Amino acid sequence: MISVRSVTFFDSNLYNQEFSKEKLKIALESVNHQYKDLRTVRFTLPPIELAREPDLDQLLVISHRRSDSLIDSGFRWINQPVICNDSVSQEQRDLLSDSIKKLLSNDKFFSSIISKDIKSAETTSKLYSSISKSLARVDKTGFSNFRFGAGFNLQEATPFFPFSFSTQSGFSIAIEIHDLFDQIWDSHGSFKKIENKLREELINIDEIAFKIAKDLDISYLGLDCSLAPLPNSPMTVCGLIEKITGAIAGSPGFLTGVSQLTNVIKSSISDIKSSGFNGVMLSVLEDDVLASRFATGNVTINDLILYSSVCGCGIDMVPISENTSEVSLTRLAGDVSALAFRLNKPLGIRTLTIPYKNPGEMTSFNHDFLTNTVIQKI
């Protein structure tokens, strides 16, 4: 009923790499052997801290080279996080924007701008909107922004891309728990039974992770058991909440369901090593039922902001029209950051600017990782 969605490896130093090529090979073999249903193995590069890096251009060149090498080693996806400070020069903005555009021209690469404190939130929001709009101008499919986002108050070592970063070397795990929640609710209609079974399963996965860490002599950084959807499949978080509450997304009662499931997850991780979000993920273009509710107008962007106060996601995978201004996008990112720091919880923003489309029109993606919905106006 529960499986491992992904294993993400982290390196803490771009110059003095923790993992040799041989060690990476052994690590890949080990996690694939231990977790039979593992979907992806990923690698997150050391975060680039803008405030501390006078040689940003040199670091970005190293990052590109390292990414290519990791892809050759067998990693499915690579992420380059960038930690923002409250003062970023125009030269750094331009260099970073150009580099991220170049990086994301390869569909195996992800990147994110991260704000660790409230002082850097405004700069991060502006930088995110600027780069996001810049990406949209060179990618006429609207897909590049699938692999770019901004994170606020993130916990280290989350395995979920693009909001993944760590200042420590090691690995973390993302768990798929939808089927467990769905089956136990159908059989028993009990949050307590879900919690007890989830805790039992997580302890087992946790023990295997510590064994892998010991065998490989690397650090296990924790697991993230967020309730996440999978597009074009029955694995819909929105549909599960509607079944549990009897409330359609966007109507009274749905928020209560989001909060109840979040509480189950938080209670279940008390005995294991956790990292990342560990919450309910309402990701529009990755959840078939939520995409449908978004298309009919039952769920709006403001509803998603509201749900972010009790869930573990933010504004994720929301399509926007190409005539959305940078100012509007910055304000939306600012709202997400305000919630993240006011409530002391990790949240992110990931919007996809859709070229040649206006509010009210449908997206037209044809991809395993995306469903389709109507574009709403910010």
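Each of S267 and K377 was given a label point 7 Å from its Cα along the Cα-to-Cβ line. The distance between the two points is 4.4 nm. Looking at the chain, the DSSP beta bridges with both ends there are about 25 percent antiparallel. Looking at the range 254-378 alone, DSSP beta bridges between its own residues are antiparallel in about 20 percent of cases. The modelled label-to-label distance for the pair K243/R137, using points 7 Å beyond Cα in the direction of Cβ, is 4.6 nm. What you get for the chain, charging only the Cβ of Lys and Arg (+1) and of Asp and Glu (-1), is a dipole of about 280 debye around the Cα centre. Dividing the summed helix terms, -39500 (n - 2.57) for each DSSP H run of n ≥ 4, by the number of residues in the chain produces a 222 nm estimate of -13500 deg cm²/dmol to the nearest 500. Selection among S190, N278, S268 by position relative to the dipole of the range 187-310 gives S190 as farthest towards the positive end (Cβ unit charges, Cα centre).
Extending 7 Å from the Cα toward the beta-carbon at both E326 and D186 defines two label points whose distance is 5.0 nm.
Toward the positive end of the charge dipole of the chain, with +1 on the Cβ of Lys and Arg and -1 on the Cβ of Asp and Glu, the farthest Cα among G74, T330, N106 is that of T330.
Taken over the range 2-160, the percentage of Cα pairs per 10 Å bin, counting from 0 up to the bin with the maximum distance, is 10, 39, 36, 14, 2. Gain on full extension, evaluated as 0.36 nm per residue between E91 and E22 minus their Cα-Cα distance, stands at 21.0 nm. Both radii are taken from the alpha-carbon atoms of the range 234-349; with Rh as the Kirkwood radius, Rg/Rh is 0.97. Placing +1 on each Lys and Arg Cβ and -1 on each Asp and Glu Cβ, with no other charges, gives the range 285-378 a dipole about its Cα centre of roughly 320 debye. Here's the picture: charge each Lys and Arg Cβ at +1 and each Asp and Glu Cβ at -1 in the chain, and of P234, Q376, L60 the one pushed furthest to the positive end of that dipole is Q376.
Of the labelled figures (i) 16.7; (ii) 18.5; (iii) 21.5, only one reflects mean projected area of the Cα convex hull in nm² as derived from the coordinates, namely (i).
Just so you know, all these numbers are worked out from the coordinates, no wet-lab data involved. What you see is a predicted model; the values in this text were computed from it and never measured. Positions of Cβ are generated from backbone atoms using ideal geometry, with glycine treated the same way; all protein chains shown enter the neighbour counts.
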